[in-house]
1. Can you give me the C-alpha center-to-center distance between the range 93-114 and the range 158-187, rounded to a whole angstrom?
2. Could you please rank His139, His64, His208, His3, placing first whichever residue has the fewest other Cβ atoms within 10 Å of its Cβ?
3. Return the calculated 222 nm mean residue ellipticity for the chain, to the nearest 500 deg cm²/dmol, obtained by summing -39500 (n - 2.57) across DSSP H runs with n ≥ 4 and dividing by the residue count.
4. Ranking Val127, Val5 by Cβ neighbours within 10 Å, fewest first, what do you get?
5. Would you mind checking Lys73/Lys147; Lys73/Lys186; Lys55/Lys244; Lys59/Lys89; Lys11/Lys147; Lys11/Lys96 for any pair whose Cα atoms are more than 29 angstrom apart?
6. With a ≥ b ≥ c the root eigenvalues of the C-alpha gyration tensor of the range 1-130, is it rounded (a/c under 1.5), prolate (a/b larger than b/c) or oblate?
7. Which of Asn143, Gln221, Ser42 sits closest to the plus end of the dipole of the chain, meaning its Cα is farthest towards the positive end, when Lys and Arg get +1 and Asp and Glu get -1 on the C-beta?
8. In nm, what is the difference between 0.36 nm times the number of residues separating Gln131 and Met71 and their Cα-Cα distance?
Amino acid sequence: MMHQVACITDKGRHRPGNEDFILCMESDYLFMVADGVGGHNSGELASRLAGEHIKEYIKANPIHDIADDLMLKDYFLNCFSEANQNIYKWASQVEKNAGMATTAVLAYIPKNKAYIVNVGDSRAYLVRDSQLYQITEDHTYVNDLLKKGTITKEEVINHPDRNMITRALGSEETVEPDFYLLDVQKGDRILLCTDGLYNEIEAEEIRHLAQTAINIELMAQELVGRANQYGGRDNISVICIEIKEREKEKDNE
């Protein structure tokens, strides 16, 4: 086994239900968190539809058969495109589901590489050598303003539109995910999470907890516990993955 994994989703302290969805396909080295949006429990439906579609897609199209980076990128773009169309169809055909959508951040970690696919403001982080690196970029209105220099990092925290997502699965007929590829090494910890985590815990504390937890299960428990301790105003989902051994690449000797 190449890595250890811990998956937790928690409804938090204020929400009546949980509109997050987590997918842990350990035998396929594939993991995803999704955060649904929409009234009448439609957010819960949207995130579940995304997770179930991705699971079925991978079962129908075995991912282990694909080794080429560009082919894998196309594989995931097609997978997300189909999931998007499915959710969009549900949202447009049933009145109470109108406007429903979901974020999704997915990690596929075979051998020595991590493929990250992202739509929305759920995040992927890498913890390495006592540092926390945010891999993904939030698809939000305030992040667009931040990149343009219109507002400062400090102004993001209390901005009235800070929860406005600019890209999500199901909100429009087509979707454009971001795709990241990075090398991983023994001891790396990868964190996938919804905004219910990072809106409660500052990056420095996430780094500290992720680095000092003695194992991956404790890391997940402490992150969710701390988010609830600080307010738990939203659903909280985390998937923590530790790279235990670096598989030798063929023909590298």
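All of the numbers you see were taken from the coordinates with simple rules; none came from a lab. If you're wondering where the values come from, they're calculated on a predicted model, not measured in any experiment. In this analysis, Cβ positions are derived from the backbone assuming ideal geometry, glycine residues included, and neighbour counts consider all displayed protein chains.
1. Answer, in whole Å: 9.
2. His64, His208, His3, His139
3. Theoretical 222 nm ellipticity from helices: -10500 deg cm²/dmol.
4. Lowest count first: Val5, Val127.
5. Among Lys73/Lys147; Lys73/Lys186; Lys55/Lys244; Lys59/Lys89; Lys11/Lys147; Lys11/Lys96, the Cα-Cα distance tops 29 Å for Lys11/Lys147.
6. On the way: a/c = 2.27, a/b = 1.39, b/c = 1.64.
Because a/c hits 1.5 or more and a/b fails to exceed b/c, the range 1-130 counts as oblate.
7. So the residue we want is Gln221.
8. So the chain would gain 18.5 nm between Gln131 and Met71.
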